[in-house]
Amino acid sequence: MVLAIVGTLCSAQALATQLQVEVRVNVMRGCQLVGLTRDAGIEQLGVLDFGSTARLDNPAGPLSAALTSTRQPRLECNPDTPYQVRIDGGLHGGIGEVRYLAGERHASPIPYRLYRDAARRVALPVNETVSGTVPDSGSVELPLYARIEPLAQIPAVSRYSDVVKVTVTW
């Protein structure tokens with residue numbers, strides 16, 4: 001009898017079935033800002049530091065500054081993603097392409113301009129949107145440069161500063 005049961009088990013057909021599993025991902029349009037530091041919960045793009053000087057009437061030319069940061073900030077997105085960058089007038093207002101550094105006491109403000117290129121040819125007007133499309137590399141650098149043109153008047157001794165808000169949308 002044991003042989004009959006073993007024989008029946010061995011002669012039974014093995015049943016099998018094949019199943020499919022769909023594997024997928026939906027890649028959606030999106031971006032992230034890379035190379036920023038965080039200070040008190042606010043993303044810091046960097047600092048534009050003109051340094052120290054006694055006068056701003058140097059005939060040799062304007063005072064220039066470039067964004068100082070450990071890494072150049074950039075926007076990383078899917079290729080062909082449209083994006084916009086807008087910079088406000090800062091704490092002391094601005095109009096057209098001019099923003100102002102303000103000092104202490106009764107010091108007159110010092111006008112300056114922001115640029116998106118190192119040659120300082122493409123100005124970034126106050127509250128005007130600059131649009132672009134992310135290239136095939138998926139990365140767009142967000143450089144920022146500044147210049148103070150020579151001034152006819154000698155500024156009062158003070159520490160002059162401003163803070164601008166940069167808005168990046170995609």
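The values are calculated or read from the model by the stated rules, or taken from the named source; none is laboratory data. This one's a predicted model, so the numbers in the text were calculated from it and none came from an experiment. Using ideal geometry, Cβ is built from the backbone for each residue, glycine included, and neighbour counts are taken over all protein chains shown. Ligands, DNA and RNA are stripped out before the accessible areas are found, and what is left, the full protein with its side chains, is counted by its heavy atoms. Shrake-Rupley method; radii C 1.70, N 1.55, O 1.52, S 1.80 Å.
Brief remarks follow.
Residue by residue, here is whether (1) assigned to a strand (DSSP E or B); (2) modelled with pLDDT of 80 or more; (3) surrounded by 11 or more Cβ atoms within 10 Å (Cβ to Cβ) holds:
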| position | (1), (2), (3) |
| --- | --- |
| Val27 | no, yes, no |
| Gly51 | no, yes, no |
| Gly61 | no, no, no |
| Ser64 | yes, yes, yes |
| Glu76 | yes, yes, yes |
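- Scan of the stretch 116-127 for residues that are open to solvent by less than 50 Å² (accessible area, probe 1.4 Å) and closer than 13 Å to Val164 by Cβ, ordered by number: Leu124, Pro125, Val126
- If the condition is being exposed (fewer than 13 other Cβ atoms within 10 Å of the Cβ) and over 24 Å from Val47 (Cβ atoms), then the stretch 133-159 contributes Thr133, Pro135, Asp136, Ser137, Ala152, Gln153, Ile154.
- Residue that is nearest to Gly61 (Cα to Cα) [pool: residues in the stretch 135-163 that are under 13 Å from the mean Cα position of the chain (by Cα) and assigned to a loop (DSSP other than H, G, I, E, B)]: Leu144
- Where a residue in the stretch 101-115 is surrounded by fewer than 17 Cβ atoms within 10 Å (Cβ to Cβ) and among the acidic types (Asp, Glu) and its partner, wherever it lies, is in a loop (DSSP other than H, G, I, E, B) and modelled with pLDDT under 95, with Cβ under 6 Å and at least six apart: Glu104/Ser158
- Pair list, Cβ < 7 Å and 6+ apart or interchain, from the stretch 19-37 residues that are hydroxyl-bearing (Ser, Thr, Tyr) to residues that are open to solvent by 50 Å² or more (accessible area, probe 1.4 Å): Thr37/Gln44
- Flag for Glu128 being charged (D, E, K, R) and within 29 Å of Arg29 (Cα to Cα): yes
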